[in-house]
Amino acid sequence: MINTNFTAQLSNTHLLKNQAYIGGEWSDNKKLAMMNVLNPATNKVIGQVPSLEKKHIQKAIKAAKAAQVGWRKTPATQRSIILRKMASLLIKHKQDLALIMTIEQGKSLLEAEAEITYSASFLNWFAEEARRIYGDTIPSPLADRKIIITKEPIGVVAAITPWNFPSAMIARKLGAAIAAGCSILVKPAPQTPFSALVYGKIAELAGLPKGVLSILTGDAITIGGEFSSSNIIRKISFTGSTEVGKLLIKQSASTVKRLSLELGGNAPFIVFSDASIDDAVIGAIQSKYRNSGQTCVCANRIYVHAKIYDEFIKKYIKKVAALKVGNGTDKGVDIGPMIDEAAILKVENQINDAIQKGGEVLLGGSRHELGLNFFSPTILTGANHSMLLANEETFGPLSPIFKFETEEEVIKLANDTNFGLAAYFYARDVGLIWRVSEALEYGMIGVNTGSISTAEAPFGGIKQSGIGREGSKYGLDDYLEIKYMCLAGIDQ
Ligand code: NAP
């Protein structure tokens, strides 16, 4: 079932599917248990998708194995052409796809459109990289031998993705897998299956052979269990919480799989005394409030030098107070709803804890007057490291501001976390920029910018924020195996 109010808003409904895509076939939903999908702006059911059983996952795994035999032999140029077609279809239907995303996820239409463009950029990027999977020859220590290195697709890959970027998190896995000659099974988040099922339809339209891609909706324990225990699946690529990432490491031990993990963050955002305050305010808003604060690279802790503290806060409050909260489909909305009640409770818990420990709410601090899942953009000063908000990922529109005096002190505070995904700072002194970039224990550093993601750059974290990189020239390596051939006896 898909609610008619939902379909009525689209100019073209052929990409909106409510069937799972199993080995190139759309599921027969009459025989399946179904799960509700809600619009977080209204809490109303917008449709249902199947909750697949073990046997369906096993069928998809078998189909992926069979399809991979031919797909790995398909010339890279051909794989590249199909990826480009998929990217063009995303762009062609951008408005409808953005609307589907906003209705099931909540972000503003502007952000949803930007995410579709971002998704297409990964497919195009990997379409190009597919043709550059180079090998190597290495000088041999023995006269009668040649050492030859080739790179081969790892095989069947499983991807598990979150709801916060329901299209892009799939595109950067699926693009790399298809480019490398792997087949891929995707389990999307249950909150946002429609943006995921779109990929089944565009794969069909672009001519991707059946079985190379499956999109499997359903219960995480059932699907995750089948993925982890399968000997056919050679790699799991997961984007989501650190907690589930750790579970997947444990579960995959018995089948010794390659794991790529893009996990949670707790990004520091530092404003040094020589920074452009106006630029830092804009960067902090971009980093903090995009997707209502529900991004893994969100500024989680904002450190401001004592010298410019008052001026920064005055300017920051003015700009944050002007952000418009509302249904993502409404014109001019900056901040949509949060994904659900649990997400709001986490933010409220952090705010209450911070107030008890001396924090002061200068803006927002509570649910928005629109009710349901809407939360007001919040600024809290007097933050310190005894508070939950310094130690947990917030995943909501809360800016805690910390005051600091010295470079040494702020680096120590910034690194005082088990996470290591993204960090940001604003400064002009070149020596300081270099020192601080080196000292921050993070996989990605934004200097004088609050926005760092692009298909050309390696995305990923260190410490408990993950293993591996996505996008960039490094992103394909995670889907390839190195094979060494020792060719002897050639001097006879
Ligand atoms: P999550 O709860 O870890 O869920 C992510 C995905 O894993 C969902 O599809 C979920 O399905 C599935 N899952 C949960 N338990 C599982 C299990 N036992 N076995 C297999 N799959 C399982 O994370 P989320 O709340 O959706 O997303 C927010 C988190 O993702 C944040 O921590 C954020 O920082 C992180 N994130 C990281 C990046 C990055 O690139 N580093 C990017 C975006 C988001 P169910 O919902 O059905 O359980």
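General remarks:
- With the helix formula -39500 (n - 2.57) applied to DSSP H stretches of n ≥ 4, the chain reaches a computed 222 nm mean residue ellipticity of -11500 deg cm²/dmol.
- For the range 68-163, carbon and sulfur atoms together expose 57% of the accessible surface, with a 1.4 angstrom probe and every protein chain in place.
- Convex hull volume per residue for the range 219-322, taking Cα atoms only, in Å³: 122
- Mean Kyte hydropathy of 0.5 or more with a Cα span along the axis of at least 15 Å, helices from DSSP in the chain: 168-180, 193-206
- Cβ-based charge dipole, the chain, positive-most Cα from Val271, Ala354, Ile232: Ile232
- Dipole magnitude (debye, nearest 20) for the chain, charges at Cβ of Lys, Arg, Asp, Glu: 1820
- Using a Förster distance of 25 Å, the FRET efficiency for Ile81-Ile148 (Cβ separation, nearest 0.05): 0.30
- Lys/Arg +1, Asp/Glu -1 at C-beta; the range 424-492 dipole; positive extreme among Leu487, Gly443, Phe425: Phe425
- Most positive-pole-ward Cα, Thr74, Ala98, Met34, against dipole of the range 22-129 from beta carbon charges: Thr74
- Thr378 accessible area, 1.4 Å probe, all protein chains in place, Å² to nearest 10: 0
- The Cα center of the range 231-268 and the Cα center of the range 139-202 differ in position by 14 Å.
- Extension gain, His14 to Asn415: 0.36 nm times the residue separation minus the Cα-Cα distance gives 139.6 nm.
- Accessible area of the range 253-365 belonging to carbon and sulfur atoms, whole % at 1.4 Å probe: 51
- Per residue, the chain exposes 41 Å² of accessible surface when a 1.4 Å probe is rolled over the protein heavy atoms with every protein chain present.
- Diffusion coefficient (Stokes-Einstein, Kirkwood radius over C-alpha pairs, 4 °C, 1.567 mPa s) for the chain: 55 µm²/s, rounded to a whole number.
- Remark: relative contact order (the chain) = 18 percent; criterion is Cα-Cα distance under 8 angstrom and separation of 6 or more residues.
- Relative contact order for the range 75-155, counting Cα pairs under 8 Å that sit 6 or more residues apart, in percent: 31
- The calculated pair-distance distribution of the range 304-366 uses every alpha carbon pair, bins of 5 angstrom beginning at 0, and gives 3, 14, 16, 19, 23, 15, 7, 2, 0 percent.
- Here, P(r) means the percent of Cα pairs in each 5 Å bin from 0 to the largest distance; for the range 69-185 it is 2, 12, 18, 17, 15, 11, 9, 6, 3, 3, 2, 1, 1, 0.
- Dipole magnitude of the range 186-287 about its Cα centre (Cβ charges: Lys, Arg +1; Asp, Glu -1), debye to nearest 20: 760
- log10 of Debye I(q)/I(0), alpha-carbon scatterers only, for the range 1-149 at 0.10, 0.19, 0.21 Å⁻¹: -0.54, -1.27, -1.30
- Radius 13 Å from Cβ of Arg172, net charge of other residues (Lys, Arg +1; Asp, Glu -1): -4
- Residue-level accessible surface for Arg132, protein heavy atoms, 1.4 Å, Å²: 110
- Diagonalising the gyration tensor over the Cα atoms of the range 334-492 and scaling each eigenvalue by 5 before taking the square root yields semi-axes of 40, 22, 14 Å, largest first.
- About the Cα centre, charge dipole magnitude for the range 379-437 (Lys/Arg +1, Asp/Glu -1 at Cβ), debye: 140
- Over all orientations, the range 283-404 has a Cα convex hull whose mean projected area works out to 7.0 square nanometres.
- In order along the range 34-44, phi translates into HN-Hα couplings of 10, 10, 6, 10, 10, 8, x, 7, 10, 6, 8 Hz, rounded to whole numbers, per the Karplus curve 6.51 cos²θ - 1.76 cosθ + 1.60 with θ = phi - 60° and x for Gly and Pro.
The values are calculated or read from the model by the stated rules, or taken from the named source; none is laboratory data. Quantities reported herein were computed from a predicted structural model and do not represent experimental measurements. For neighbour counting, all protein chains shown are included, and Cβ atoms are generated from backbone atoms with ideal geometry for every residue, glycine included. We work out accessible area using only protein heavy atoms, side chains counted, and drop any ligands, DNA or RNA first. Shrake-Rupley method; radii C 1.70, N 1.55, O 1.52, S 1.80 Å.
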